[in-house]
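Here the structure comes first, spelled out in structure tokens, and everything after it is commentary.
The values are calculated or read from the model by the stated rules, or taken from the named source; none is laboratory data. It should be emphasised that the depicted structure is a prediction, and the values quoted were computed from it without experimental measurement. Positions of Cβ are backbone-derived with ideal geometry, glycine not excepted, and every protein chain shown enters the neighbour counts. With ligands, DNA and RNA removed, areas are computed over all heavy atoms of the protein, side chains included. Shrake-Rupley method; radii C 1.70, N 1.55, O 1.52, S 1.80 Å.
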Amino acid sequence: MEKIVVTGGTKLKGEVTIGGAKNSATAILPATILMSGKCTLENVPNISDIKIICNILESLGAKIDWIEQNKLTIDTSNISSSNAPLDKTSKFRASYYLVGALLGKYHSAEVGLPGGCNLGARPIDQHIKGFEALGATVEVEQGKISAKAKKLVGNSIYLDVVSVGATINLMLASVLAEGTTIIDNPAKEPHIVDVANFLNSVGADIRGAGTDSIKINGVKELKKEGTYSIVPDQIEAGTFMLSAVASKGDITIKNCITKHLESLTAKIVEMGANVEDIDGETIRVWCNSRPNKLNIKTLPHPGFPTDLQPQMGVVLSTANGTSIINESIWESRFQYTAELNKMGAKITAQGKTAVFEGVKKLYGSPVYSTDLRAGAALIIAAIAAEGTTEIYNLEYIDRGYENIEEKFRKLGANIKRVKE
Ligand code: UD1
């Protein structure tokens, strides 16, 4: 078993470079199935979720070569199966993109139900409703989703809830469908736009990604070759921004898109810390005093992202005054608060609301990651705390952050990974 050991009390200082977006790469890799060709992907995060999707794609017949730490080629011209078994897909959430891509390309998909972090109920009714609207028959039974269609025909689909997964999956399923598909009330996250940009770069005709309505004009086939660079990870950038505030440090974050960070930037400024947008791709965050209390409600983009809620929770746990977070996306996203309370925080979480009574200091303690972003939040808490913290359940953190200890170490943190 591995643990991360942090001796806290460091004011983080220096520069950090952000990698490619996990939630974009986990969709673009399956999207290459639609090409039946060879694609070079750059700025691919080298994290365990990506290794899992690569492994599943290889078991379907794709050939993947990592050319560099963050660059790979994938050749999907010899995919020989549209059946992705449960033992692999249950390891992560984005395996549902295999359904959209395989259905779109081969009109048939059999995929084990997706796994991923336990953030509460994670229904896929909107994905299914959309596949059916395109003409597919979908069955969910015995731990798998099966989707089949004689042909797929474009249709108008209104999403009842704003869903990242359903929006991307319906783009994947409709790119090669006959006619035009309209997705109304889609998600607008930067990775939605990135997946559309990738697909358009290899010959798809998708318009309006990032707006309230996406129009997909079906094309007969995609190009057999392409090269694409994944967008920077907005959540990784936000994690480092909040670590600067929590540790009262001064960090310059490179290779991010500052426009994607506006909702977080506004809240950091409201807390009394400082943010400088240097050139649209570099942002500096520094904090000299105890942050002010504030209230937050997580919302789909461009609202405050749920995936930064735990990291913000760490900052609010030592803010001046009492803050409230309302979590509107995932019902079980406050599990980390019990871990922070072990470190001296005073947080009361009930249902979708948590009340953070700001304390002066956190103290080191053994704690457990309860999900991916909770794990990142605990690292930030440990760096800001007095004393030594041991963080367990690292498999969650490794799903979404590449070299996280090394990046924090370069910023001055006393952090190491230890095998027990
Ligand atoms: C993605 C991200 C996750 C992030 C979330 C919200 C990936 C791999 N994961 O998850 O990190 O927290 O977006 O930004 O990209 N819902 C339904 N029916 C559906 C689909 C979703 O009711 O068919 C609900 C969910 O229960 C949730 C909300 O819609 O309350 C948003 O879910 P969704 O955007 O689909 O999240 P994911 O794509 O699973």
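Values computed for the structure shown
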{"item": "Residue list for the range 71-91, restricted to those being within 16 Å of the ligand (Cβ to nearest atom), at pLDDT 75 or above and farther than 13 Å from Ser146 by Cα", "result": "Lys88, Thr89, Ser90"}
{"item": "Strands (runs of 3 or more DSSP E) fully within the range 14-95 counting 3 or more residues that are more than 22 Å from the chain's Cα centre (by Cα)", "result": "63-68"}
{"item": "Which numbered condition Gly412 misses (of (1) closer than 26 Å to Phe92 by Cα; (2) part of a loop (DSSP other than H, G, I, E, B))", "result": "(1)"}
{"item": "Residue that is more than 15 Å from the ligand (Cβ to nearest atom) and assigned to a loop (DSSP other than H, G, I, E, B), where the choices are Val245, Val219", "result": "Val219"}
{"item": "Positions within the range 162-185 being free of Cβ contacts under 8 Å to residues at least 60 places away in the same chain and more than 10 Å from the ligand (Cβ to nearest atom), in sequence order", "result": "Glu178, Gly179, Thr180, Thr181, Ile182, Ile183, Asp184, Asn185"}
{"item": "Those residues of the range 151-161 which are touching a strand residue (DSSP E or B) at 6+ places or on another chain (Cβ under 8 Å) and within 9 Å of the ligand (Cβ to nearest atom), in sequence order", "result": "Leu159"}
{"item": "So Ala273, is it open to solvent by 30 Å² or more (accessible area, probe 1.4 Å), of a type in the set (A, V, I, L, M, F, W, C) and farther than 21 Å from Thr17 by Cβ", "result": "no"}
{"item": "Answer residue from the range 348-379, given it is outside any strand (DSSP E or B) and open to solvent by 50 Å² or more (accessible area, probe 1.4 Å) and is nearest to Pro291 (Cα to Cα) among those", "result": "Lys360"}
{"item": "The range 300-328: number of residues that are of a type in the set (S, T, N, Q), within 16 Å of the ligand (Cβ to nearest atom) and open to solvent by less than 10 Å² (accessible area, probe 1.4 Å)", "result": "2"}
{"item": "So Glu405, is it in contact (Cβ under 8 Å) with a residue 12 or more places away in the chain, open to solvent by 50 Å² or more (accessible area, probe 1.4 Å) and outside any strand (DSSP E or B)", "result": "no"}
{"item": "Count of residues meeting criterion [within 18 Å of Ser36 (Cβ to Cβ) and of a type in the set (Lys, Arg)] in the range 60-110", "result": "2"}
{"item": "Filtered residues of the range 96-138 (kept if more than 8 Å from the ligand (Cβ to nearest atom), open to solvent by 40 Å² or more (accessible area, probe 1.4 Å) and modelled with pLDDT of 95 or more)", "result": "Lys105, Tyr106, His107, Glu132, Gly135, Thr137"}
{"item": "The range 380-396, subset over 21 Å from Glu15 (Cα atoms) and touching a Leu at 6+ places or on another chain (Cβ under 8 Å), residue surrounded by the fewest Cβ atoms within 10 Å (Cβ to Cβ)", "result": "Glu386"}
{"item": "Residue within the range 281-299 that is more than 16 Å from the ligand (Cβ to nearest atom), touching a Pro at 6+ places or on another chain (Cβ under 9 Å) and not assigned by TED's automatic domain parsing to the domain that holds Pro186 present", "result": "yes"}
{"item": "Residue check for Ala338: open to solvent by 20 Å² or more (accessible area, probe 1.4 Å), assigned by TED's automatic domain parsing to the domain that holds Arg409 and in a helix (DSSP H, G or I)", "result": "yes"}
{"item": "Top-ranked residue of the range 352-400 - restricted to ones that are over 17 Å from the mean Cα position of the chain (by Cα) and polar (S, T, N, Q), ranked as nearest to Leu316 (Cα to Cα)", "result": "Thr353"}
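A quick yes/no check of all residues on (1) outside any helix (DSSP H, G or I); (2) outside the structural domain of Thr211 (by TED's automatic domain parsing); (3) open to solvent by 30 Å² or more (accessible area, probe 1.4 Å):
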position: Ala147; (1), (2), (3): yes, no, no
position: Lys150; (1), (2), (3): yes, no, yes
position: Ile157; (1), (2), (3): yes, no, no
position: Val161; (1), (2), (3): yes, no, yes
position: Ile168; (1), (2), (3): no, no, no
position: Leu176; (1), (2), (3): yes, no, yes
position: Ile183; (1), (2), (3): yes, no, no
position: Ala187; (1), (2), (3): yes, no, no
